[in-house]
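Have a look at the structure below, then the notes.
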């Protein structure tokens, strides 16, 4: 069996890896390969000249990389050229091997679907988050309607739809247009490296941590205002279009620090040494950073919102009203409510690691792949 993963970004995959905090798919791919599944990647940037070197340095030299022209769905000729190139590349390699084509985001699913049809292969679409919810929250109603239609078609044409969050799963299943038997929950996983027992013990101080892109949808300024209100030092790990503006406006506050994109080893240490983790986005799929913070013993506080709320109710502390004003006004009571869970930090960390272990989720995904190949659509 081989899995071909489509990354339909308008930037190269390596650029995306470097802009992010750390590419978290590596252990997932490594686990698939250890179980005899071949992994291939399609990335839409011919300039990704170092991606093979990057994979080799991370022990994943066996992954085949298909580098194609940039993906522009709005430009018909470019789309057709890319489609024909992908079809030719995939169809000519290992034709006797069962192939599953998987788009790693909803965006660009149509290209993966077309390739699967014209190469007679299985097709999976994965929802990390629900785009229509994001556009609805932004009140971009034209994009919202377009996203609703795109999501319905993606589910309809896929052999299976994987959803990584409980709230996203329920949302899609409750839509009249959805074939519920084709939608499965495959949660994000946590690496055991984030467990506090595997780390050098660092004394936690009255500090807070924000991890993620510094973009409007992540609402990073609320994390800054919250930290200033309670007198905690705040570290923001991540980069984005808001960084320059935020740094200019808060540079005179000595307890707000921007460290940009950090490598995995440093990120693990940041989780370990901070006391609180602030997740201030209004909508998430199943936030990986939140899960990593919990497993590292860094207590999370955030909104009771789609994606985050389920995890915060069990492992952290949530603000029931999803608004910046309510979050700041309720902050003191949120801290008081956190006290009891902070006493059980180690137990909650261990439970989270067990619930979202990589081995368990890989076993579930492989079982679902087997069902797909036998044309069984069993709701999980």
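Results for (1) at pLDDT 70 or above; (2) outside any helix (DSSP H, G or I); (3) crowded, with 16+ Cβ neighbours inside 10 Å, shown as yes or no for each residue.
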{"residue": "42", "(1), (2), (3)": "yes, yes, yes"}
{"residue": "48", "(1), (2), (3)": "no, yes, yes"}
{"residue": "52", "(1), (2), (3)": "yes, no, yes"}
{"residue": "55", "(1), (2), (3)": "yes, no, yes"}
{"residue": "59", "(1), (2), (3)": "yes, yes, no"}
{"residue": "69", "(1), (2), (3)": "no, yes, no"}
{"residue": "73", "(1), (2), (3)": "no, yes, no"}
{"residue": "82", "(1), (2), (3)": "no, no, yes"}
{"residue": "86", "(1), (2), (3)": "no, no, yes"}
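Every condition in (1) at pLDDT below 75; (2) closer than 20 Å to residue 121 by Cβ; (3) surrounded by fewer than 18 Cβ atoms within 10 Å (Cβ to Cβ) holds for residue 20 except the one numbered (2).
Of the residues making up segment 299-324, those that are assigned to a loop (DSSP other than H, G, I, E, B) and at pLDDT below 90 number 9.
When the test is whether a residue is over 29 Å from residue 353 (Cβ atoms) and either surrounded by fewer than 18 Cβ atoms within 10 Å (Cβ to Cβ) or out of contact with any strand residue (DSSP E or B) (no Cβ under 6 Å at 6 or more places or on another chain) (or both), residue 244 passes it. Across segment 172-212, which residue is surrounded by the most Cβ atoms within 10 Å (Cβ to Cβ) among those that are in contact with a strand residue (DSSP E or B) (Cβ under 7 Å, 6 or more places away or on another chain), modelled with pLDDT under 85 and assigned to a loop (DSSP other than H, G, I, E, B)? Out of the qualifying residues, it is 189.
Kindly check whether there is at least one residue in segment 335-346 that is assigned to a helix (DSSP H, G or I) and at pLDDT 90 or above. No, the conditions are met nowhere in segment 335-346. The residues of segment 112-153 that are in a loop (DSSP other than H, G, I, E, B) and without any contact (Cβ under 8 Å) to a residue 24 or more places away in the chain, listed by number, are 120, 139, 140.
The values are calculated or read from the model by the stated rules, or taken from the named source; none is laboratory data. What you see is a predicted model, and the numbers here were worked out from it, not measured in a lab. Neighbour counts are summed over all protein chains in view; Cβ atoms, including those assigned to glycine, are modelled from backbone coordinates with ideal geometry.
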